[in-house]
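First up is the structure itself, then whatever we jot down about it.
The values are calculated or read from the model by the stated rules, or taken from the named source; none is laboratory data. It should be emphasised that the depicted structure is a prediction, and the values quoted were computed from it without experimental measurement. Glycine gets a Cβ as well: all are built from the backbone with ideal geometry, and neighbour counts include every protein chain shown. Please note that ligands, DNA and RNA were not included when accessible areas were found on the heavy atoms of the full protein model with its side chains. Shrake-Rupley method; radii C 1.70, N 1.55, O 1.52, S 1.80 Å.
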Amino acid sequence: MSLDPNTTAGFAVIISLMAVASYLTRIAGFFLMRFVVVTPRVEAWLKALPLAIMGAILGPIVAHGGPAEYAGFAATIAVFYWRRNDILAAFAGMAVVAASRAFFAL
Amino acid sequence: MSATFTAAGFRRGFLEGLALLPGMIAFGVVFGVLAGQVGISILGAASMSLFVYAGTAQLLALHAWGAPDLLFAVLVAVVAMNARYVLFGAAMQPWMRGLSPWIAYPSMFLMVDANWATAMQERDQGRRDVAVFVGVGFGCMVGWMAGTIAGAGFGQWLGDTRRLGLDFFLPAFFLSLACGFWKGRGDLLPLILGALVAVLFERFVGGSLHVLAGGLAGSLAAAFLPRKGENSGGPKHVA
């Protein structure tokens, strides 16, 4: 099935399905916890999931990145551990990437 | 004692949520601008922010906009990014026990990183007013919507957003989240394996499944591979 997001109907279908999927992830754990026995294995898996997903997102970006992006990542980490604020750290990384691209024409 | 839901709690939560306004607006602006770049209207961007209400998932979905497998790709983006909410929800359930499902399930719609953290703090302090959690969620929603609309509205005058580094916001935000999740060297395995599998998957398989593949590989390996000090006959290490 292919949907054209540039038509009102296509866009509405896409948004609706995204909204349903998003809400399901919010209630899935909440609902299932009534039945699931959280064994140490399950707990270890749940604990490792967020970082594994972050790694999976960042891996290809790092692989495709250049000096500007690496400088941006370094700035992000530095600002995160300095202020413990994830949005602020992201903006710092963004600023460093923008500056690197401007000055070194990367 | 079961969980409660009071007007005073909502007020307290909402005011707490307003303190997060600058960050939420800024995040919303980034999404709004990038949504405009791929041809989404202001109304479209606003409705996505209102109904999906998941910044990271929405930003990742924009990457897939225009791809041939668009619907599949955006749904994978939502599930992959919101996977952490499944865990958040699992942690919320015991705290919300005793609350009517008619209040509990709508409340969960507003769960984001910020108010989940609030709920966990309330829990640790022995408080169980779920309205505080909902109030923070509302405060965040206000900023998120304002930012989205402003970004989608003014984005067209920004010109080349790559020059501004806007494409780097999401990677940088994820890196910050990863730093926040980082607890120690034991986390290296899921992170590195997740990254490696995703890189290989992206290169040799393509499509939009690399996040899911890497995420599952990294987390399952961490759960099932024996680690130092676990199931080993050797001397126990006490950190």
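Residues in the stretch B:92-111 that are within 15 Å of the chain's Cα centre (by Cα), in a helix (DSSP H, G or I) and without any contact (Cβ under 8 Å) to a residue 40 or more places away in the chain: 1 in all.
Scanning the stretch B:67-87 for residues that are more than 7 Å from chain A (Cβ to nearest Cβ) and hydrophobic (A, V, I, L, M, F, W, C), we see that the one that is nearest to A:Ile53 (Cα to Cα) is B:Met81. Every condition in (1) part of a helix (DSSP H, G or I); (2) in contact (Cβ under 8 Å) with a residue 12 or more places away in the chain holds for B:Ser47 except the one numbered (2). If you check A:Leu58, A:Leu46, which single one turns out to be within 26 Å of B:Phe201 (Cβ to Cβ), open to solvent by 30 Å² or more (accessible area, probe 1.4 Å) and among the hydrophobic types (A, V, I, L, M, F, W, C)? Step by step, each of A:Leu58, A:Leu46 is checked, and only A:Leu46 is within 26 Å of B:Phe201 (Cβ to Cβ), open to solvent by 30 Å² or more (accessible area, probe 1.4 Å) and among the hydrophobic types (A, V, I, L, M, F, W, C). Answer yes or no as to whether B:Trp95 is farther than 23 Å from B:Gly206 by Cβ and either basic (Lys, Arg) or at pLDDT 95 or above (or both). In short, no. Here is the figure for the stretch B:200-217: residues that are among the β-branched types (Val, Ile, Thr) and open to solvent by 30 Å² or more (accessible area, probe 1.4 Å) total 1. I'd like the full set of residues that are within 7 Å of chain B (Cβ to nearest Cβ) and buried (at least 17 other Cβ atoms within 10 Å of the Cβ), limited to the stretch A:17-32. Within the stretch A:17-32, A:Met18, A:Ala19, A:Ala21, A:Ser22, A:Tyr23, A:Thr25, A:Arg26, A:Ile27, A:Ala28, A:Gly29, A:Phe30 meet the criteria. Quickly run through the stretch B:139-159 and pick out the residues that are within 27 Å of A:Gly65 (Cβ to Cβ) and either open to solvent by less than 10 Å² (accessible area, probe 1.4 Å) or touching a residue at least 24 places away in the same chain (Cβ under 8 Å) (or both). Answer for the stretch B:139-159, where residues must be within 27 Å of A:Gly65 (Cβ to Cβ) and either open to solvent by less than 10 Å² (accessible area, probe 1.4 Å) or touching a residue at least 24 places away in the same chain (Cβ under 8 Å) (or both): B:Gly147, B:Gly151, B:Gly155, B:Leu158. Residues considered: B:Leu71, B:Leu75. Of these, the only one that is out of contact with any His (no Cβ under 7 Å at 6 or more places or on another chain), in a helix (DSSP H, G or I) and open to solvent by 30 Å² or more (accessible area, probe 1.4 Å) is B:Leu75. Against the numbered list (1) within 14 Å of chain A (Cβ to nearest Cβ); (2) within 23 Å of A:Ala21 (Cα to Cα); (3) open to solvent by less than 20 Å² (accessible area, probe 1.4 Å), B:Val136 comes up short only at (1). For the stretch B:149-158, check the following and say yes or no: at least one residue is away from chain A (no Cβ under 13 Å) and not in a helix (DSSP H, G or I). The answer is no; no qualifying residue exists.
No other residue among B:Ile40, B:Ile25 is open to solvent by less than 50 Å² (accessible area, probe 1.4 Å) and either at pLDDT 90 or above or not hydroxyl-bearing (Ser, Thr, Tyr) (or both) apart from B:Ile40.
Being facing another protein chain (nearest Cβ under 7 Å), within 23 Å of B:Leu175 (Cα to Cα) and open to solvent by 20 Å² or more (accessible area, probe 1.4 Å) is the requirement here; does A:Ala63 meet it? The answer is yes for A:Ala63.
Does at least one position in the stretch A:78-87 carry a residue that is of a type in the set (S, T, N, Q), open to solvent by 50 Å² or more (accessible area, probe 1.4 Å) and assigned by TED's automatic domain parsing to the domain that holds A:Arg101? Yes, that holds for at least one residue. With respect to the conditions (1) more than 7 Å from chain B (Cβ to nearest Cβ); (2) at pLDDT 95 or above; (3) more than 30 Å from B:Ala104 (Cβ to Cβ), A:Ala9 falls short on a single one, namely (2). Scanning the stretch B:160-181 for residues that are open to solvent by 40 Å² or more (accessible area, probe 1.4 Å) and more than 7 Å from chain A (Cβ to nearest Cβ) turns up B:Asp160, B:Arg162, B:Asp167.
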